[in-house]
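Just so you know, all these numbers are worked out from the coordinates, no wet-lab data involved. Everything quoted here is computed from the prediction, not taken from an experiment. Glycine also receives a Cβ, built like all others from the backbone with ideal geometry; neighbour counts cover every protein chain displayed.
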Amino acid sequence: MPSKFLEELSEDYKKLFEAEIGYDVIIYVGEEPNVKEIHAHSNILCARSQYFRAAFFNEWAKKEGKFIFRKQNIKPHLFDIILSLLKWCFAQQNVMNDPTKWSKDDITKIERSLHRFIPLIRFYDIEPTEFFYKVHCYRDILPQDLIHDLLEYHIVPNKKIKANKPPSRKPNLKFKLDSNLIKSNLVPLFASWIDKKESPYYDKKDIPYEFKLLYRSSRDGFDTKSFHKNCDNKGATICVAKIQDSTKLIGGYNPLDWSGNDWKNTKDSSAVYCGAHHGPQMGDLYCGSSNNWYYYGGVDYYPNLDIPNNVTIKDYEVFQVIKK
């Protein structure tokens, strides 16, 4: 009898979702021209999803009579699946949310319901703290060999992931930065410097900026015309240069842009000079129309860089700083 009731209840929620009766949430998913409008119910979303519960509580969603969400990074058909799963879970409320209070029968029932979804979860993408507090407590319904492998992965230093691990859905940071001069692990440091953020610096998963390569001298040429063609009117930029026959990198941050023909001042960096016949000039660093740069170390715009007054640049790159 209880199973019959739950089956009918689940079907009723499915019909409610499909009929869109009494909805108070509008979710726009996808990007133009493939945007889909999905209607949902806030009480169900709050009951079964911590993300939506936080969204409504913290007013992340804009309310125009109804709650409005815009999720461009999710494909429409995937969001349909997510909502259907949330509503299906809502109909399973005969099982308590606290896994420590589940009976053996509860564990068996949940395991049977969820076993086909387990391979779709990217467990290795979950941070150690999140895994311990939000995944390990459900170890009784997960394959024991999976739990063993995950514990080994998080506890044993430099432990390699099993060969049969599904591909990560996380963006790989090394493909996010197109650079011949710097490694991707410096991106969190650059972002922290921009925001004047003291230690701890940004982690790679919470970097608030994207860094888009605009100009590379070895590719585009050392002439100032190429520099301004690629970098003018692009907003904030970071410039990184490698000194010839040295491992040192120098550069600077321009929170403004490179257009114009005059000095520009900003509280977020040193004075910046923009000129059509000059390359990047920031504080003590001056770049003319070639790969010969000049450093005026006595002006005190920068700490002492411990480099000669005249340096030959092997290559330099300029990145547009884009707020996410």
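Shown for Val156, Val240: other C-beta atoms within 10 Å of each C-beta, ranked fewest to most, produce the order Val156, Val240.
If the only charges are +1 at each Lys and Arg Cβ and -1 at each Asp and Glu Cβ, what is the size of the charge dipole of region 95-170 around the Cα centre, to the nearest 20 debye? Taking the Cα centre of region 95-170 as origin, the dipole is about 300 debye.
Could you line up Tyr316, Tyr133, Tyr23 from fewest to most neighbouring Cβ atoms inside 10 Å?
In increasing order of surrounding Cβ atoms, one gets Tyr133, Tyr23, Tyr316.
Quick check on region 95-170: take the gyration tensor over C-alpha atoms, sort the square-rooted eigenvalues as a ≥ b ≥ c, and tell me if it's rounded (a/c under 1.5), prolate or oblate. Here region 95-170 falls in the prolate category. Pairs exceeding 30 Å between alpha-carbon atoms, taken from Lys205/Lys248; Lys183/Lys323; Lys242/Lys323; Lys165/Lys323: Lys165/Lys323. Protection proxy ranking, highest mean first, for peptides 242-249, 114-121, 182-189: 182-189, 242-249, 114-121, where packing is the per-residue count of other beta-carbon atoms within 10 Å, averaged.
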